[in-house]
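What follows is a short report on a single structure.
The values are calculated or read from the model by the stated rules, or taken from the named source; none is laboratory data. Everything quoted here is computed from the prediction, not taken from an experiment. Cβ coordinates were reconstructed from backbone atoms using ideal geometry, including for glycine residues, and neighbour counts include every protein chain displayed. Just so you know, the surface numbers come from the protein's heavy atoms only, side chains and all, with ligands and any DNA or RNA stripped out. Shrake-Rupley method; radii C 1.70, N 1.55, O 1.52, S 1.80 Å.
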Amino acid sequence: RSSPYMDNNAPGSGGKGGLGSLFGGSEYSNTELAGVPLTGMSPLSPYLNVDPRYLVQDTDEFILPTGAGKTRGRFELAFFTIGGSCITGAAFGTVNGLRMGLKETREMGWTKPRNVQILNMVTRQGASWANTLGSVALLYSIFGVAIEKARGAEDDINTLAAGTLTGMLFKSTGGLKGVARGGLVGLAMSGAYALYSNWDHIRGGSSSSNLY
């Protein structure tokens, strides 16, 4: 005699008779769905139960103040420029002082007076070059920030103007000729930097123009 309660999981019942049958649907076991291909569905990550396509970001996302740009301005870069110039000058001065000390004391043996003289030369040259490059970087940063605020724009014109004014002021003690030479050197160095910064854009423009 059959039981008044039906076993919905019994073989041959097809999973019918449960809640699915009340809404006109049917239930299937995992065994029945094992061989069904999942067409039109992207594979999921074996470690995360999410679609990996949603993890790819096409654009950079930054938390920025209102109206701020994604690149650092001259004022933010001024600290890096001054510090990097001081470190570069100290390193170059140390190497140059060591070379000069070894050259000037080559007649002396490896004694304590020679070591002290070489150390003094290294310290003097390192401090001198660090002070020189740091001062140039400070002047360049001040002129760059002032020109940017005055013009209200940030482009290569600010770089060229800041480099020229820095060279002129740094060599202002040498008279008009010194000012002119300093301005030309500053213009040349800032122009080389601007050309280097825009080299990819220049190459991209020239290559695209050759297509036509």
Filter segment 141-167 down to the residues that are more than 19 Å from Ile82 (Cα to Cα) and open to solvent by 60 Å² or more (accessible area, probe 1.4 Å) and list them by number. Lys149, Ala150, Arg151, Gly152, Glu154, Asp156, Ile157
Filter segment 86-114 for residues that are farther than 20 Å from Ser128 by Cα and open to solvent by 50 Å² or more (accessible area, probe 1.4 Å) and give the result. Arg106, Glu107, Met108, Trp110, Thr111, Lys112, Pro113
Tell me which of these Thr123 doesn't satisfy, since it passes every other one: (1) farther than 20 Å from Cys86 by Cα; (2) β-branched (Val, Ile, Thr); (3) open to solvent by 50 Å² or more (accessible area, probe 1.4 Å). (1)
Checking Gly175, Gly205 in turn, the sole residue that is at pLDDT below 90, open to solvent by less than 70 Å² (accessible area, probe 1.4 Å), under 24 Å from the mean Cα position of the chain (by Cα) and more than 24 Å from Thr81 (Cα to Cα) turns out to be Gly205
Given the conditions (1) more than 19 Å from Ser197 (Cβ to Cβ); (2) touching a helix residue (DSSP H, G or I) at 6+ places or on another chain (Cβ under 6 Å); (3) part of a helix (DSSP H, G or I), and given that Met108 satisfies all but one, which numbered condition is not satisfied? (3)
Between Gly126, Gly182, Gly134, Gly163, which is closer than 25 Å to Ala91 by Cα, touching a residue at least 12 places away in the same chain (Cβ under 8 Å), in a helix (DSSP H, G or I) and in contact with a Lys or Arg (Cβ under 7 Å, 6 or more places away or on another chain)? Gly182
